[in-house]
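The values are calculated or read from the model by the stated rules, or taken from the named source; none is laboratory data. In this text, all values refer to a predicted model and were calculated from it rather than measured experimentally. We place every Cβ from the backbone using ideal geometry, glycine too, and count neighbours over all the protein chains shown. The protein model used for the area step is the full one, side chains on, heavy atoms only, and it has no ligands, DNA or RNA in it. Shrake-Rupley method; radii C 1.70, N 1.55, O 1.52, S 1.80 Å.
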Amino acid sequence: METVLLSDSATGLEKAAEFIKNGEIVGIPTETVYGLGADASNEDAVRRVFEAKGRPADNPLIVHLADFSQAEKYTLSIPALAFKLAERFCPGPLTMVLPKNDRIPVITSGGLDTVGIRVPSHPVMHRIIELSGRPIAAPSANTSGYPSPTSAEHVMRDMNGRIAAVVDGGSSEFGVESTVISIEGGSTARILRPGCITREMLLEICSDVIIDHAILHELEAGQKAASPGMKYKHYSPRADIIMVEGSLDSFIAYVGKQNGEGVYSLIFDTDRDGFPYRYMTYGKNSSEQAHLLFQRLRELDDAGAERVYVRAPEKNGVGLAVYNRLIRAAGFEVIRV
Ligand code: TXA
Ligand code: MG
């Protein structure tokens, strides 16, 4: 199959919407990362999304809607807290897990009786949902296990020949995937995957916000994941990723002992002056780190990195999202120096 690169012009978006209506798969920019969009109600289209990514069948897809009011069409019930959260954070990088109804096929929900609902703010994704008139199921548009794509070029590299089209909407604003939450009781949210809607932001609306244990810890054998995505190794480039926690001086001393061919460091912008080994930087604060992380992981592979020592980000605010992606890319290997 030839994968066409579409521009984000009116004609490009109309073509993309036509593909979706015809059961085809399209790479679509969102404010978080690029998604692999298909009609969420078309079982055959959704099956091909799983195939194109090489994704395990029990890992559910998020359903993207143009407006949160449409969520009633696809769910059994919506708690009052979800409406309050939607008022504050939708459209935007928040996914709420809600009880699904029969309009969402079980293949889309990975066999679960819930569905993740998200109202993306990116005008391209928003317009394609409107023009197609379909709920759009969209996982991140990477090969399963590899870092998520934050540009049309990343999507092309992973998906060329496997999908109908990619819409080029430039580089993704946030760079990490949406915050995924479930709602517990009347006013508590549980974060299943951290993102740019932070715990602190959710606390403006919720009386309590629980950070699920699996966000920072490896699931033990036989333990059930609240979100299936937590079970799988994720976001990994080919290179081995090793997170190192500690001061810059201890980091430099540690890397010095490990240095050799194919060894890189991924450091903060502020560490650059006089850094003695081969490195790339990934920003100077959590938002920049989120924006750059996946792109850098791909660039490290392109540069031929075999082993990458990463300066560990903060664990609060948006930093928690960056830390969560890195600890998974590192297979939970963290070294404290
Ligand atoms: O920002 C995003 O969310 C991007 C863009 C394209 O919208 N999409 C995305 O989808 O990251 P994906 O499939 O790569 O990640 C979805 C995550 C997975 O970890 C999945 O297990 C979890 O959300 N998830 C989806 N539906 C769920 C559900 N019903 N219950 C629990 N977890 C769910
Ligand atoms: Mg993904």
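Based on the inverse mean of 1/r over its pairs of different Cα atoms, what is the Kirkwood hydrodynamic radius of segment 222-337, in Å?
So the Kirkwood estimate lands at 14.4 Å.
When the Karplus curve 6.51 cos²θ - 1.76 cosθ + 1.60 is applied with θ = phi - 60°, which whole-Hz ³J(HN,Hα) does each residue of segment 302-309 get, with x for Gly and Pro?
Listing the rounded values in order: 4, 7, x, 5, 10, 9, 10, 8 Hz.
Considering all projection directions equally, how large on average is the shadow of the alpha-carbon convex hull of segment 209-275, in square nanometres?
In nm², the orientation-averaged hull projection of segment 209-275 is 7.3.
For the chain, what is the mean residue ellipticity at 222 nm derived from helices alone (per DSSP H run of n ≥ 4: -39500 (n - 2.57); sum divided by total residues; nearest 500 deg cm²/dmol)?
Roughly -8500 deg cm²/dmol at 222 nm, from the helical runs in the chain.
Report, by chain and number, residues whose modeled amide H sits under 5 Å from the one on residue 75, excluding near sequence neighbours (fewer than 5 apart, same chain).
101
Which FRET efficiency value, to the nearest 0.05, do you get for residue 249 and residue 223 by plugging their Cβ-Cβ distance into 1/(1 + (r/R0)^6) with R0 = 30 Å?
Computed FRET efficiency for residue 249 and residue 223 comes out at 0.20.
Would you list, by chain and number, the aspartates and glutamates whose Cα falls below 14 Å from the Cα of residue 231, excluding same-chain residues fewer than 8 positions away?
Answer for residue 231, where 14 Å is the Cα cut-off: 58, 212, 218, 220, listed by chain and number.
Would you please calculate the Kirkwood hydrodynamic radius of segment 151-257 over all C-alpha pairs and express it in Å, rounded to one decimal?
When all Cα pairs of segment 151-257 are included, the Kirkwood radius is 17.6 Å.
For residue 187 paired with residue 157, estimate the spin-label separation in nm (one decimal), with each label point 7 Å from Cα along the Cα-to-Cβ line.
The modelled label-to-label distance comes out at 4.7 nm.
Using 7 Å Cα-to-Cβ label points, what is the residue 299/residue 210 separation (nm, one decimal)?
About 4.0 nm separates the two model spin labels.
7 Å from Cα along Cα→Cβ at both residue 51 and residue 269: what's the point-to-point distance in nm?
The answer from the label model is 4.5 nm.
Quick one: if you take sqrt(5λ) for each eigenvalue of the C-alpha gyration tensor of segment 4-215, what semi-axes come out, biggest first, whole angstrom?
Three semi-axes, in Å: 26, 17, 16.
Restricting to the chain, compute how many DSSP beta bridges are antiparallel as a %, nearest 5.
Of the beta bridges lying entirely in the chain, close to 40 percent run antiparallel.
Can you pull the percent of segment 28-102's accessible area that's carbon plus sulfur, 1.4 Å probe, other chains left in place?
Carbon and sulfur together cover 48 percent of it.
Suppose R0 equals 35 Å. What FRET efficiency, 1/(1 + (r/R0)^6) with r the Cβ-Cβ distance, do residue 7 and residue 70 give to the nearest 0.05?
Once rounded, the FRET efficiency stands at 0.80.
For the chain, what relative contact order do you get, as a whole percent, if you take Cα pairs closer than 8 Å and at least 6 residues apart?
19
If amide H atoms are built 1.01 Å from N in the plane of the peptide, which residues on other chains or at least 5 residues away come under 5 Å of the amide H of residue 210?
189, 190, 191
List the lysines whose Cα lies under 17 Å from the Cα of residue 73, skipping any in the same chain that are fewer than 8 positions away.
Excluding near neighbours in sequence, the set is 100.
To the nearest 20 debye, what is the magnitude of the charge dipole of the chain about its Cα centre, counting +1 on the Cβ of each Lys and Arg and -1 on the Cβ of each Asp and Glu?
Result for the chain is approximately 440 debye, rounded to the nearest 20.
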